[in-house]
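A quick write-up on the structure given underneath.
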Amino acid sequence: MEGAVMPFVMAKVNTPVSREQETVIKSRMGKAIERVPGLNENYLLFGLEANQSLYLRGDGQQKIAYIEASLFGNEAHVGFSDFGAEMTAAFQDVLDIPTENIYIKFYDIKAWSVGGQFIDRNRY
């Protein structure tokens, strides 16, 4: 069942992002999610918010990315390390954001609803 549940990745950056860059990052996220067993781009919901007001160490001039990745049914976090490394590489490569300024927060989703269907990991 977990492969049918959509992971959600939402990224906020404090830089402008062209349509071409957004498309490249979206494709790279689709490849990165494959590092988590049972998932691929067909299950991924991805969002990107550009030009956000983000400050790091009191400085709003540095390029910064804050990424939240919500995944269901993977309490052991299998593949998360590789997934995180590939997400970091994508934002560094495409937007030239220094790796030390890319922060990723992982959420363990215990319950989810899609298409009106409630899905609880304790039932699977």
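The values are calculated or read from the model by the stated rules, or taken from the named source; none is laboratory data. None of the values given here were measured: they were computed from a predicted structure. Here the Cβ positions follow ideal geometry from the backbone for every residue, glycine too, while neighbour counts run over all protein chains shown. Accessible surface is based on the protein model in full, side chains and every heavy atom, while ligands, DNA and RNA are left aside. Shrake-Rupley method; radii C 1.70, N 1.55, O 1.52, S 1.80 Å.
Below are the figures for this structure:
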| item | result |
| --- | --- |
| Within region 82-123, backbone nitrogen closer than 17 Å to the virtual label 7 Å beyond the Cα of Glu34 toward Cβ | 82-90 |
| Per residue solvent-accessible surface (Å²) - the chain, probe of 1.4 Å | 56 |
| Carbon/sulfur fraction of accessible area - the chain, other protein chains in place, 1.4 Å, % | 47 |
| In degrees, nearest ten, helix 19-32 long axis to first principal axis of the chain (Cα) | 40 |
| Where trypsin sites (Lys or Arg not before Pro) fall in DSSP loop in region 55-124, at most 11 other Cβ within 10 Å | Arg57 |
| Electrostatic dipole magnitude of the chain [Cβ: Lys, Arg +1; Asp, Glu -1; Cα centre; debye, to 20] | 200 |
| Heavy-atom accessible area order for Val9, Val94, Val78, largest first, 1.4 Å probe | Val78, Val94, Val9 |
| Lysine pair count for the chain [Cα-Cα under 21 Å; pairs on different chains or 8 or more apart] | 8 |
| The chain: angle of helix 80-95 to the longest principal axis, Cα-based, in degrees nearest 10 | 30 |
| In region 72-124, GluC sites (Glu not before Pro) in a DSSP loop with at most 14 other beta-carbon atoms within 10 Å | Glu75 |
| Potential lengthening between Ser70 and Arg19 on full extension [0.36 nm per residue; Cα-Cα distance subtracted] | 15.9 nm |
| Point-to-point label distance, Met6-Glu41, nm (Cα→Cβ direction, 7 Å offset) | 1.6 |
| Taking the convex hull of Cα positions in region 1-68, its mean projected area over all directions (nm²) | 5.0 |
| For Tyr103, solvent-accessible area (1.4 Å; no DNA, RNA or ligand), Å² | 90 |
| With all protein chains modelled, accessible area of Asp82 [1.4 Å, Å²] | 70 |
